[in-house]
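Visitor: Once you've had a glance at the structure underneath, I'll fire off some questions.
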Amino acid sequence: MKMRIMLADDHQLFRDALRSMLKNSADLEVVAETGNGLDVVNLAQEFAPDIVCMDIGMPGMNGIETTRRLLAACPGVKVIGLSAFSSQQYVVDMMNAGASAYVTKAGAGEELLRAIEAVRNNRNYFCPDISRVLTEALSGNEGNARLPVQLSTRERQVLQLVAEGCTSPQIAAQLRIAESTVEVHRRNIMRKLDIRGVAELTRYAIHNGLIPN
C-alpha cells in the first residue's frame, strides 16, 4: 500500500520539486498540498494522509502551531518538519509540538526520503545538521526563551500575523473572525507580554520561533 503524503509549504516551486521527487517512488503518493497553515487540518481530515511534510514558516499559522492542531485532530498522522533554518529553538519547538522528524530544506532530497522511511517504521529521524542541534538541546543547552503558555492558540495566530505585517482587517479575513475580536486579542497579547507596539511584538515573535528572522 502506498504511503499517502501531504505537502504543507508556502513556496510553490519547492512543493513542485518535492512532488516531482516523491512521485518517482512507487510506494509514495502525494494526495494533498497547501501553502497556508490554516488549511492543513481540514485537508488532512479530507484526504487522510499518513505523513505531512510541514514547513515551519507558513503564513496564516506557522508550522509549529499547525502541527499541534493537526495532531490533536488527527493523532495518527506523522509530521516531518521542514525548514530553511536549523536553529535549536525551531527544532526543539517542532519536536515538542509532536513532529516525528526534522529535515532542513537544503537536504530535502535523499534526506526527506530517509525521514519518510524512518517515520513509516515508527522511528524518529533528523538530518545530520539537526542531529547536532538536538543533541545540544537534550544536554540542557537550549538557551532560548519559550513561548509563554498563557497565550492561547488564537492569540499566537494573531501575534504571528501582526508580526508578519498584517493589519487587523487582514487578520480578521485570514482567521475568519470579526475585526473587533482581533483588536481584543491584540490588546490581550500586549497586556500578557507587557509589550507596547508592533516592533516589539515582531521581535518577540522572531525570538520565539513564530516567524523566521
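Visitor: Let me confirm something: among 55, 10, 39, which residue is in contact with a helix residue (DSSP H, G or I) (Cβ under 7 Å, 6 or more places away or on another chain), within 22 Å of residue 156 (Cβ to Cβ) and of a type in the set (Asp, Glu)?
Guide: From the options 55, 10, 39, the qualifying one is 55.
Visitor: With the structure loaded, tell me whether residue 30 is more than 10 Å from the chain's Cα centre (by Cα), assigned by TED's automatic domain parsing to the domain that holds residue 124, β-branched (Val, Ile, Thr) and part of a strand (DSSP E or B) or whether it fails that test.
Guide: Yes: the conditions hold for residue 30.
Rundown of residues vs (1) at pLDDT 75 or above; (2) of a type outside the set (A, V, I, L, M); (3) over 19 Å from the mean Cα position of the chain (by Cα), yes/no style:
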site: 106; (1), (2), (3): yes, no, no
site: 139; (1), (2), (3): no, yes, yes
site: 144; (1), (2), (3): no, yes, no
site: 154; (1), (2), (3): yes, yes, no
site: 162; (1), (2), (3): yes, no, no
site: 180; (1), (2), (3): yes, yes, yes
site: 211; (1), (2), (3): no, no, no
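Visitor: Now, a different point. If we keep just the residues of the range 1-27 that are part of a helix (DSSP H, G or I) and of a type in the set (Lys, Arg), which is surrounded by the most Cβ atoms within 10 Å (Cβ to Cβ)?
Guide: Filtering the range 1-27 for residues that are part of a helix (DSSP H, G or I) and of a type in the set (Lys, Arg), the one surrounded by the most Cβ atoms within 10 Å (Cβ to Cβ) comes out as 15.
Visitor: Of the conditions (1) more than 17 Å from the chain's Cα centre (by Cα); (2) assigned to a helix (DSSP H, G or I); (3) modelled with pLDDT under 70, residue 206 clears all except one; give me its number.
Guide: Here residue 206 meets the rest and fails (1).
Visitor: State yes or no: is residue 59 farther than 20 Å from residue 107 by Cβ, without any contact (Cβ under 8 Å) to a residue 24 or more places away in the chain and in a loop (DSSP other than H, G, I, E, B)?
Guide: So residue 59 fails the test.
Visitor: Within the range 2-36, can you find the residues that are at pLDDT 95 or above and among the small types (Gly, Ala, Ser)?
Guide: Within the range 2-36, 8, 32 meet the criteria.
Visitor: Also: Only residues that are among the aliphatic types (A, V, I, L, M), crowded, with 24+ Cβ neighbours inside 10 Å and farther than 21 Å from residue 165 by Cβ: list them for the range 45-79, please.
Guide: Listed by number, the residues that qualify are 52, 54, 70, 79.
The values are calculated or read from the model by the stated rules, or taken from the named source; none is laboratory data. Quick caveat, the model's predicted, so the values are computed rather than measured. Quick reminder, even Gly has a Cβ in these numbers, built from the backbone with ideal geometry, and neighbours come from all protein chains shown.
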